[in-house]
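Working notes, structure below.
The values are calculated or read from the model by the stated rules, or taken from the named source; none is laboratory data. All of these numbers come straight from a predicted model, not from anything done at the bench. With ideal geometry, Cβ positions are generated from the backbone for all residues, glycine too; neighbour counts draw on all protein chains shown. Surface accessibility is based on the protein's heavy atoms, side chains included, excluding ligands, DNA and RNA. Shrake-Rupley method; radii C 1.70, N 1.55, O 1.52, S 1.80 Å.
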Amino acid sequence: MGQTTIQIEKAISLKEKPDVSTVKFGTVFTDYMFSSNYTPEHGWEEPAIVPYQNLEISPAANGIHYGQSVFEGLKAYKNGDDVLLFRPDENFKRLNTSLERLAMPKINEEVSLNALYELIKLERDWVPEGPGQSLYIRPFVFADEAFLGVRSARTYQYNIILSPVAGYYGGQLDPTAIYVEDDFVRAVRGGVGDIKCAGNYAASILAQQKAAEMGYEQVLWLDGVEQKYVEEVGSMNIFFVRDNELITPKLNGSILSGITRKSLIELAEYKGYTVKEERIHIDELQAGLKDGSVTEIFGSGTAAVISPVGRMRIHGEDYVVNGNQVGPVAEDLYTHYTGIQYGHLDDPFGWIVRI
């Protein structure tokens, strides 16, 4: 995908814009999508913005059978007449990390950013304006070679689709209940836990269903070797407030390097919080909930930014966190972070791209 000229194929007719407040996440898609194809002879070529459409693939497509499939997730926000993107370069950088790990061809990050900007310009009327609303952006790459041998595929498809989404909490933070998973594991060091590949999420669904049946909304994953150390919660990174310090599990090769995680650490340090990245034993966390030294727990990710935890089940015992209320640190960081995202507060970090 060395060339930077992006062809645009105009749609014959445009869809009616929905009332985003009634839209279920990931169910409505915009008029256009980005598309590019890879061959060994020409690399990534034919970058184009085309009307949103179904993909044509062979039943023998390698990505279906052997899981060469990776993705990213980011958002666009409305601010007056402008559309704002939050650190999109980080997403394409991480997409390349994922591609490299699965022996898939890397994309050109600069061309991808320009393609996204052009797509957003074309679809700017799809970026909703309501409180907490945004346009979700899903870049993804998968192997489409019709071949059932186990090896890296030779051909691939790369697409970016867009979907308007309502505010995760309907405008305010809402504590969730999480269940510490003792049987299943999400990932192990040396595996693919630190990238965004499709198989990671498929492997998490059964435990998520089990937690839901027990009345919990998310799963807290422990490490895949000893099942003693805290890693992630659901599809988010996790933070704790302990003795007035902000603590998060340090990256170890099986924890996803979340862009929200990274940005929250930078923002918290900027605001004067003491931030530590540590290996956190589940028994230490349990002890901290018992003696009151752990006062807040929250997840972090693109969808919710911050997801406060109000209740946690550890080894069969339930613990209420901060009276099942949103804690002051979570609220402070959430307000400041989303204020930057939506352009309501200054951005001293240079995170925002304005279109």
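In angstrom, the C-alpha Rg and Dmax of segment 285-329 are 10.9, 32.
What is the distance in Å between the Cα centres of segment 233-292 and segment 17-76? Going from one Cα centre to the other spans 33 Å.
The Cβ shell under 9 Å around Asn37 holds other residues with a net charge of -3, Lys and Arg each +1, Asp and Glu each -1. Of Gln227, Gln218, Gln133, which has the largest mean-square fluctuation in a 10 Å C-alpha GNM of the chain? Fluctuation is largest for Gln227. Computed across segment 75-177, the Kirkwood hydrodynamic radius from all distinct Cα-Cα pairs reaches 15.7 Å. The convex hull drawn around the Cα atoms of the chain, when projected onto a plane and averaged over every direction, covers 18.1 nm². Per residue, the chain exposes an accessible area of 45 Å² to a 1.4 Å probe, with every protein chain left in place. Based on the alpha-carbon gyration tensor of segment 114-245 and its eigenvalue square roots a ≥ b ≥ c, which shape applies: rounded if a/c is under 1.5, prolate if not and a/b is larger than b/c, or oblate? Oblate is the answer for segment 114-245, as a/c is 1.5 or above yet b/c matches or exceeds a/b. Rank Gly258, Gly149, Gly301 by mean-square fluctuation in a GNM of the chain with C-alpha springs under 10 angstrom and give only the top-ranked residue. Result: Gly149 has the largest fluctuation of those listed.
Going by a ≥ b ≥ c, the root eigenvalues of the Cα gyration tensor, does segment 1-91 fall in the rounded group (a/c under 1.5), the prolate group (a/b larger than b/c) or the oblate group? It comes out prolate by the Cα gyration axes. Placing unit charges on the Cβ atoms only, positive for Lys and Arg and negative for Asp and Glu, gives the chain a dipole magnitude near 360 debye about its Cα centre.
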